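Report on one structure; see the data block that follows.
Each value in this text was obtained by applying a stated rule to the coordinates, not by laboratory testing. This is a predicted model, so every value here is computed, not measured. Methodologically, a virtual Cβ is constructed for each residue, glycine included, from the backbone with ideal geometry; neighbour enumeration extends over all protein chains shown.
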Amino acid sequence: MDNERPLLAAVLGNPISHSRSPRMHNYWLKKNKINGYYLPIKVELEDFERVIRSLIKMGFSGVNVTIPFKLSAMKIADECSDIAKYIGAANTLTFTKEEKIYADNTDAYGFINNIKSKYADWCPKKGASLVLGAGGASRAVIAALLSEGSDKIIVINRTIEKAEKLKIQFENKINVESWNDLNEIAASSTNIINTTSLGMNDESFIPINPESIPKDALVSDLVYVPLETNFLKMARNRESRTVDGLGMLIHQAIPGFKYWFGKTPISTEELRAILVK
């Protein structure tokens, strides 16, 4: 194995220095004794396709793409998974031997499996799900909830027009309400999911009255720096079940690693400890 050409993958973004993905994938490579490397690459938007084509020529197995390339990745793909088409964005590209690009979106998978790994009995069919935000992460969460049979999804966003566009995209299967009604809507929700950047690095916060968080709700935050946001802290103090964003980061990465390196990695406490450093 040591004499063989190493397997290569990367994550493309702008910015990219904050990404925990290299730390995670290289940990898994070492644990599985695989001769390979996973690299962070900062790319300008206008150079995205050229860089992807170069990586294919260089023998890369595939890449993750993050902000702002998830839509661009769909446009240059030769084939897209059904979930990527449904969400309208891709975060995982796999390069075939024929130098074709297969686009997938593993964010919905990561969201669902993160929750179920902690709460196996979780079922979003019961009660309403409140989604905060209307960006790319929101699309993945909505797709995940719909795939699990959720029949009442409420989206609120500071710019209501953006949320209304999501409603059209998802064929009116979601409801859109005003950000001003956050407390009232949260109080009657079984699942509350933050897909915004509010709470990241403690620089901002979700303006919710803690008493509006039901004790029997499951509260998820896609932010993972800090690991426990003020939002999750409020929920924990209410004795609600909580799920942090680090688990979603790990679970969404598992399919890509399997595509590129041939083994299914596992989430461990050791990995979580490495990622929060």
Give the lysines whose C-alpha is closer than 22 Å to that of Lys70, dropping any in the same chain fewer than 8 places away, or say none.
Lys42, Lys57, Lys85, Lys100, Lys162, Lys165, Lys167, Lys258
Working from Cα positions, state the angle (0 to 90°, nearest 10) between the long axis of helix 21-31 and the longest principal axis of the chain.
60 degrees
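Work out the length of the dipole vector of the chain about its Cα centre, built from +1 on the beta-carbon of each Lys and Arg and -1 on the beta-carbon of each Asp and Glu, and round it to the nearest 20 debye.
On the way: 35 positive and 32 negative charges, 135 e Å.
Computed charge dipole of the chain: roughly 660 debye.
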Helix 160-169 against the longest principal axis of the chain: what's the angle in degrees, Cα atoms only, rounded to the nearest 10?
60 degrees
Taking N as the number of residues in the range 205-277, what value does Rg over Cα atoms divided by 2.2 N^0.38 Å take?
1.33
Between Arg236 and Glu203, what is the label-to-label distance in nm when each label sits 7 Å out along the Cα-to-Cβ direction?
2.3 nm
Measure of size requested: the Rg and Dmax of the chain, with Cα atoms as the atom set and Å as the unit; please supply both.
18.9, 62
Ratio Rg/Rh, restricted to the range 1-149 and using Cα atoms, in which Rh is the Kirkwood radius:
1.00
Could you give the angle, 0 to 90 degrees to the nearest 10, between helix 48-57's Cα long axis and the longest principal axis of the Cα atoms of the chain?
40 degrees
Mind listing the phi-derived Karplus ³J(HN,Hα) values for the range 194-207, rounded to whole Hz, using 6.51, -1.76 and 1.60 with θ = phi - 60°, and x for any glycine or proline?
8, 10, 8, 8, 4, x, 5, 6, 6, 7, 8, 8, 7, x
Quick check on packing: order 45-57, 70-82, 234-246 by the mean number of other C-beta atoms within 10 Å, highest mean leading.
234-246, 70-82, 45-57
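May I ask you to derive the relative contact order of the range 108-243, considering only C-alpha pairs under 8 Å and at least 6 residues apart, and to give it as an integer percent?
For the range 108-243, the relative contact order is 22 percent.
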Which whole-number percent of Cα pairs in the range 108-243 have a distance greater than 22 Å?
29 percent
Quick one: compute the contact order of the chain, relative version, from alpha carbon pairs under 8 angstrom and 6+ residues apart, as a percent.
16 percent
